[in-house]
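*Asks:* This is the structure I have questions about; it appears just below.
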Number of protein chains: 2
Amino acid sequence: MKPFHSYQNPSLAVDLAVFGYSKQTLSVLLLNRKEEPFKDRWVLPGAFLQMEERFKDTCSRVLKTKLGMDDVYLEQLYSFDEPDRDPRGRAISVAHYALVNPARVAIAAGSMANDVSWFNINELPALGFDHDIIFQQALQRLRSKITYFPVGFELLDDLFTMPELHELYECILDTSIDRRNFRRKILDSEYIINTGKKREGSQNRHPDLYKFNKKLKKNSFQINI
Amino acid sequence: MKPFHSYQNPSLAVDLAVFGYSKQTLSVLLLNRKEEPFKDRWVLPGAFLQMEERFKDTCSRVLKTKLGMDDVYLEQLYSFDEPDRDPRGRAISVAHYALVNPARVAIAAGSMANDVSWFNINELPALGFDHDIIFQQALQRLRSKITYFPVGFELLDDLFTMPELHELYECILDTSIDRRNFRRKILDSEYIINTGKKREGSQNRHPDLYKFNKKLKKNSFQINI
DNA sequence: TATCTTTGCGTCAGATTAACACAAAGAGTA
DNA sequence: TACTCTTTGTGTTAATCTGACGCAAAGATA
């Protein structure tokens, strides 16, 4: 299908800030480019829109084919339109961010495997294109979102303990949060449910296992960490 | 310049939810379409991106040429990509919202004049395209934003009174707010400055005139209405 | 049984907020 | 001038929320 107005449109792409949390570290997934421009530089994964694709379709395609991931939390972030953001020509990027549990996704071990890697968000290399800016904005959005909406569980296993959730928040917000006050706020918000089970194996007291409360009314949720 | 990858791109446009506040009413600017599709229906103003234009450029062009407006507050909202949102073919819209003071902008009295009109946001007709959705999202964003960031003054005159600001908040948030508590929060936030002058002419006590504090550090601002 | 660490639960003072009282200012009117 | 009516500016108080912290229960080890 041709565009129905006169001038030649810019290229249209999505870029993805894929966040993962593992071993008390928040990481982002980067791709090592094998072609110009920005050959050998690390960039956010992305792709051009294909015929009839919606943004989320393109994102899912990238997540599936390049990274072997299915069913991840995805949110549109912002559209970037600096004319010179891609040296090949005018290209517009509709940036998204994704939250995944790295334990659940095995990065596809294909030919790409060596070109994809998790990076601690505090130890990022300089990225190609305008991806530094996109990443910073994604991180800011994640930090803002998690303080008032329960997206944290997207990064954890189905069952998780209170100390695990607590550490996740401290890690994402890069601040220390009083353990006991955190517990109270989270429990008051009713966004998690105590399963009655306990996480076994640790040396000390075995913490309760919680699960996310899926019946939570979307608008009733409000924490202020 | 041609796009540097293989397939034919969708059309790219911006749509604008232009909010105005006047006489204790929050309004949005609508355009009456004179062509198919959606002939004779009201829609948000918008335009296709022209060569080398950035989103904000296109927005400014629409505001200037169709509405005769300059220098308005503008913020990117969201990008809409439903494949059938435009019956003419695939078109992507990067929606923005704008805040203007209707008293300061005279809607251009050209051939378009009869086709442009302010509508009370509570009395909107059914809009063409997917503009109902875009508008609702814009309204939601405005409501959310105004509770934590001082954008209200964009809708008012340079000098305004506390009751005027108070009414604006009540109108936008569609709720009643205790006058005295509101005053305290706003003053504590230091985002407005008492000019010492008073608004004359009213029958009763003459209220103080305030102005926006432009030296306010962007990140220090935080109200919770 | 004692010790060490982690986890769960509770307390309390200080800060914030909501609800409300009241006086001052301005204009009209007897 | 004195009184009324309405609006605006300021303060008070009780309820609520938040941050800081104490302490005991649970589990493993010595």
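The values are calculated or read from the model by the stated rules, or taken from the named source; none is laboratory data. Predicted, not measured: the structure shown is a model, and the values here were computed from it. Cβ coordinates were reconstructed from backbone atoms using ideal geometry, including for glycine residues, and neighbour counts include every protein chain displayed.
*Asks:* If I filter region B:96-119 for residues that are at pLDDT below 95, hydroxyl-bearing (Ser, Thr, Tyr), in contact with a strand residue (DSSP E or B) (Cβ under 8 Å, 6 or more places away or on another chain) and closer than 17 Å to B:Val62 by Cα, do I get at least one hit?
*Replies:* yes
*Asks:* Same structure again: Show the residue pairs that are 6+ apart or on different chains and have beta-carbon atoms under 7 Å apart, the first residue being within region B:142-171 and more than 16 Å from B:Val100 (Cα to Cα), the second being part of a helix (DSSP H, G or I) and within 16 Å of DNA strand D (Cβ to nearest atom).
*Replies:* These pairs meet every condition: B:Met162/B:Arg183; B:His166/B:Arg179; B:His166/B:Phe182.
*Asks:* Tell me, please, whether a residue that is within 12 Å of DNA strand C (Cβ to nearest atom) and surrounded by fewer than 16 Cβ atoms within 10 Å (Cβ to Cβ) can be found in region B:158-171.
*Replies:* no
*Asks:* Continuing with this model, one more query. Got at least one residue in region A:14-26 being within 14 Å of another protein chain (Cβ to nearest Cβ), in contact (Cβ under 8 Å) with a residue 12 or more places away in the chain and in a strand (DSSP E or B)?
*Replies:* yes
*Asks:* Next up: Just one of B:Ser189, B:Ser202 is away from every other protein chain (no Cβ under 14 Å), more than 10 Å from DNA strand D (Cβ to nearest atom) and free of Cβ contacts under 8 Å to residues at least 40 places away in the same chain; which is it?
*Replies:* Among B:Ser189, B:Ser202, only B:Ser189 is away from every other protein chain (no Cβ under 14 Å), more than 10 Å from DNA strand D (Cβ to nearest atom) and free of Cβ contacts under 8 Å to residues at least 40 places away in the same chain.
*Asks:* Go through the residues of region B:211-223 one by one and say whether even a single one is away from DNA strand C (no atom under 15 Å from the Cβ) and within 14 Å of chain A (Cβ to nearest Cβ).
*Replies:* Yes, that holds for at least one residue.
*Asks:* Continuing with this model, one more query. Do you know which of the residues in region B:33-60 that are buried (at least 16 other Cβ atoms within 10 Å of the Cβ) and polar (S, T, N, Q) is farthest from the other protein chains (Cβ to nearest Cβ)?
*Replies:* Selected residue: B:Ser60.
*Asks:* Next question. Out of all the residues in region B:79-101, which are surrounded by fewer than 20 Cβ atoms within 10 Å (Cβ to Cβ) and of a type outside the set (D, E, K, R)?
*Replies:* Within region B:79-101, B:Pro83, B:Pro87, B:Gly89, B:Asn101 meet the criteria.
*Asks:* Restricting to region A:53-93, what's the tally of residues that are part of a loop (DSSP other than H, G, I, E, B) and either in contact with a strand residue (DSSP E or B) (Cβ under 6 Å, 6 or more places away or on another chain) or on the phi < 0 side of the Ramachandran plot (or both)?
*Replies:* Qualifying residue count for the region: 15.
*Asks:* For B:Ile177, work out the one condition from (1) touching a helix residue (DSSP H, G or I) at 6+ places or on another chain (Cβ under 6 Å); (2) assigned to a helix (DSSP H, G or I) it doesn't fulfil.
*Replies:* It is condition (2) that B:Ile177 fails.
*Asks:* To continue, here is another question. Can you find a residue that is under 24 Å from the mean Cα position of the chain (by Cα), part of a loop (DSSP other than H, G, I, E, B) and either away from DNA strand C (no atom under 15 Å from the Cβ) or hydrophobic (A, V, I, L, M, F, W, C) (or both) anywhere in region B:186-195?
*Replies:* No, the conditions are met nowhere in region B:186-195.
*Asks:* May I pose another question? Go through region A:162-185 and give me each residue that's within 16 Å of DNA strand D (Cβ to nearest atom), within 21 Å of the chain's Cα centre (by Cα) and β-branched (Val, Ile, Thr).
*Replies:* A:Thr175
*Asks:* Next up: Restrict the check to region B:66-76 and report whether at least one residue is within 14 Å of chain A (Cβ to nearest Cβ) and either touching a helix residue (DSSP H, G or I) at 6+ places or on another chain (Cβ under 6 Å) or modelled with pLDDT under 95 (or both).
*Replies:* To start, the set of residues in region B:66-76 that are within 14 Å of chain A (Cβ to nearest Cβ) comprises B:74-76.
When the remaining residues are screened for being either touching a helix residue (DSSP H, G or I) at 6+ places or on another chain (Cβ under 6 Å) or modelled with pLDDT under 95 (or both), the result is B:74.
Yes: one or more hits.
*Asks:* May I ask you to verify whether A:Phe135 is modelled with pLDDT of 95 or more and under 13 Å from the mean Cα position of the chain (by Cα)?
*Replies:* yes
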